[in-house]
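Some notes on the structure that comes next.
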Amino acid sequence: MHPNLQRRVQRYGWDKAASYYENSWQEQLKPAHDLLIETSNVQYGDHIIDLAAGTGLVSFRLLEKAGEKGNLLATDLSDEMINIGNTLSQLAKLENIKFKREDAENIDSVSNSYDLATCALGLMYFPEPENALSEMHRVLKPGGRAVTAVWGSRKNCGWADIFPIVDKRVNTDVCPMFFNLGESEVIKYPFENAGFKDIKIQKIKTTLFYTSSEEACDASFLGGPVAMAYSRFDTETKKAARKEYIRLIEKHKTDRGYEIPGEFVICSGIK
Ligand SMILES: C[S@@+](CC[C@H](N)C(=O)[O-])C[C@H]1O[C@@H](n2cnc3c(N)ncnc32)[C@H](O)[C@@H]1O
């Protein structure tokens, strides 16, 4: 897929997913968010940039640690995600956080301006994630930290079939490189190429829990990266895609619902 087309699919797809996002994913992503935040080692007064921030699930938690002297710029490609983030910050009367629509591969900030740059579950969606890492390196102050989280290896993510199920119905790859960065130690190389030192990789296993097949389908089809392709399916195609997904996750059915295995990879480096 051409990089600009991938950006458009992401931008408008996440616009569609935005209103479902927190309900679908906040709990499921918590283990990755917790470890990313712990690894970020936020200091009081830190200046932070959070890329592909979505509705700000990580941004608000990082800002809380940076305190009133800190500030955070949360950027994302999707207007709808940004709108939700801005509404939440206004409701909380926070003046030291700003949400801005921006491509993570092209950051509109001067060099050497942040203590911490984060990107939670975003790199997999960028056409060229190495550009985003180079940008993170550029905007960090010397000694600044970069911390990212991506999904792990395809074989350890029990929901991975969502992509081929959708791709074959639109004859394209919605997220062509989705699992690449989560395999083995692959993510180390774009960190190194961007100029980071002291690179550390941590992997954690997780379980995505859904009470029903409906809930599992809604999270994956409505609240995530395939939302745009799925929204264009007619009723029959939607039904068929859901049926196929349910059949493929059947092996993860327990007496509590669905317990689907997953893996996260947290990578950090110092400028
Ligand atoms: C899974 S969500 C993660 C949101 C948030 N970081 C979190 O962990 O809850 C992925 C986000 O990546 C954003 N995204 C995708 N491609 C992007 C790009 N090229 N630049 C900036 N954001 C992008 C999407 O709009 C979406 O909000």
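The table below gives the values:
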read-out: Proximal aspartates and glutamates relative to LYS251, as straight alpha-carbon distance under 12 Å, when same-chain residues fewer than 8 apart are discounted; value: GLU259
read-out: Fewest-first ranking of CYS119, CYS157, using other Cβ atoms within 10 Å as the exposure measure; value: CYS157, CYS119
read-out: Check: the stretch 29-171 dipole with +1 on Lys, Arg Cβ and -1 on Asp, Glu Cβ, in debye; value: 300
read-out: Lys/Arg +1, Asp/Glu -1 at C-beta; the chain dipole; positive extreme among ASN96, ILE249, GLY122; value: ILE249
read-out: Förster-model FRET efficiency, 35 Å R0, THR207 and LYS98, C-beta, rounded to 0.05; value: 0.50
read-out: Computed E for THR87/SER111 - FRET, C-beta separation, R0 35 angstrom, nearest 0.05; value: 0.65
read-out: Charged-residue dipole, Cβ positions (Lys, Arg, Asp, Glu), the chain about Cα centre, Debye nearest 20; value: 260
read-out: Dipole of the stretch 140-265 [Lys/Arg +1, Asp/Glu -1 at C-beta], most positive-end residue of VAL170, PHE196, GLY224; value: PHE196
read-out: Separation in nanometres of the label points that stand 7 Å from Cα toward Cβ, at LYS200 and LYS243; value: 5.0
read-out: Sparse-neighbour loop sites [chymotrypsin sites (Phe, Trp or Tyr not before Pro); the stretch 69-165; at most 13 other C-beta within 10 Å; DSSP]; value: none
read-out: 23 Å Cα-Cα threshold exceeded, pairs from LYS16/LYS200; LYS65/LYS98; LYS16/LYS100; value: LYS16/LYS200
read-out: Unit charges on C-beta of K, R, D, E only; dipole of the stretch 140-209, Debye; value: 240
read-out: Cα→Cβ-extended label distance, 7 Å offset, between GLU192 and TYR20, nm; value: 4.0
read-out: Potential extension, SER231-ILE270 segment - 0.36 nm per residue separation minus Cα distance; value: 10.0 nm
read-out: Sorted by Cβ density within 10 Å, fewest first, the residues TYR12, TYR258; value: TYR12, TYR258
read-out: With Cα atoms, 0 to 90° folded angle of helix 3-40 axis to the chain main axis; value: 70
read-out: Residue-span extension gain [MET177 to LEU5] - 0.36 nm each, minus C-alpha spacing; value: 60.5 nm
read-out: Fewest-first ranking of LYS65, LYS155, LYS16, LYS93, using other Cβ atoms within 10 Å as the exposure measure; value: LYS93, LYS155, LYS65, LYS16
read-out: Within the chain, percent of DSSP bridges classed antiparallel, to nearest 5; value: 50
read-out: Helix 57-66 axis, angle to the chain major axis (alpha carbon atoms, nearest 10°); value: 20
read-out: Calculated [θ] (222 nm, deg cm²/dmol) that DSSP helices of n ≥ 4 give over the chain, each run adding -39,500 (n - 2.57); value: -13000 deg cm²/dmol
read-out: Between the stretch 210-271 and the stretch 145-205, the Cα center-to-center distance that results, in Å; value: 17
read-out: Spin-label zone in the stretch 196-224 - amide nitrogen under 19 Å from a point set 7 Å from the Cα of THR254 along the C-beta vector; value: 204-217
read-out: Label-point gap, in nm, between ASN41 and ASP161 - each point 7 angstrom along Cα→Cβ; value: 4.3
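Every read-out reported here was derived from the displayed coordinates using simple, explicitly stated rules and does not represent laboratory data. Note that the structure is a prediction, hence the values are computed from the model and not measured. No Cβ is skipped: glycine too gets one built from the backbone with ideal geometry, and neighbour counts run over all protein chains shown.
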